[in-house]
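Okay, structure first, notes after.
The values are calculated or read from the model by the stated rules, or taken from the named source; none is laboratory data. This is a predicted model, so every value here is computed, not measured. Methodologically, a virtual Cβ is constructed for each residue, glycine included, from the backbone with ideal geometry; neighbour enumeration extends over all protein chains shown. These accessible areas exclude ligands, DNA and RNA; they are computed on the full protein's heavy atoms, side chains included. Shrake-Rupley method; radii C 1.70, N 1.55, O 1.52, S 1.80 Å.
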Amino acid sequence: LMKIGTVVRLESVERFYDDGRSDIHLQSLDRFRMIRPIENLPDKLYSFVEIEHWEKKITSEHPLAAKVLSQFNELCEINKVRPFRKIDPLKFRSYDLGHFVGFNLQQEYAFFSLETEVERLEMLQLQIEFMLEQTKVRDHWLRQLHMNGEYRNFKPGEWK
């Protein structure tokens, strides 16, 4: 069990797959911190956890919020992608980007577990700067390949 979690509401089931999986849309309602697990309760076949809710004090008024959003937009432009949902700069929160900046699963959990918006913005800024640098390295490598005439697009299985 993880120590930090979120209470969610199932908004919709978008698609069912033959293997039993499905695409779902959830709305996050609240974050919580686990106080202790409760393994055995009379007449229950499942475990419980005792939790405490975190107060929501999230603001986008910090100057770093505008900078992070600007850097994210730059990253999207360079890579010729756009977010699935439009991000309103006036309602921007760090959580709006946490899933879309290339964090691995452990980094996403660490991001989610941070207590303050400023800490999350700082982590986002570092990650976006890393992604921007990686994009520039990739673009430089592709330009070098093209200049040398050694580059062509391969389809899977054509490496032989």
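Angle check, please: helix 117-148 long axis (alpha carbons) against the longest principal axis of the chain (alpha carbons), in degrees 0 to 90, nearest 10.
Tilt of helix 117-148: around 30 degrees.
Please report, as a whole percent, how much of the solvent-accessible surface of the chain comes from carbon and sulfur atoms (probe radius 1.4 Å).
55 percent
So how many Lys-Lys pairs in the chain land under 16 Å Cα to Cα, not counting same-chain pairs under 8 apart?
4
Tell me the label-point distance for the pair Asn40, Val118, using the 7 Å Cα-to-Cβ offset, in nm and rounded to one decimal.
According to this spin-label approximation, the distance is 4.8 nm.
Please give the per residue accessible area of the chain, computed with a probe of 1.4 Å over protein heavy atoms only, in Å².
Using a 1.4 Å probe on heavy atoms only, each residue of the chain averages 79 Å².
Rounded to the nearest 0.05, what FRET efficiency do Ser12 and Glu129 have when you use their Cβ-Cβ distance and R0 = 35 Å?
Calculated value: 0.50.
Note the per residue figure in Å³ for the convex hull of the C-alpha positions in the chain.
Output value, Cα hull per residue: 196 Å³.
Is there a quick way to get the dipole size of the chain? I mean about its Cα centre, with the Cβ of Lys and Arg at +1 and of Asp and Glu at -1; what is the value in debye to the nearest 20?
Computed about the Cα centre, the dipole is about 460 debye.
For helix 63-78, what angle does its Cα long axis make with the longest principal axis of the chain, in degrees from 0 to 90 and rounded to 10?
The angle comes out at about 50 degrees.
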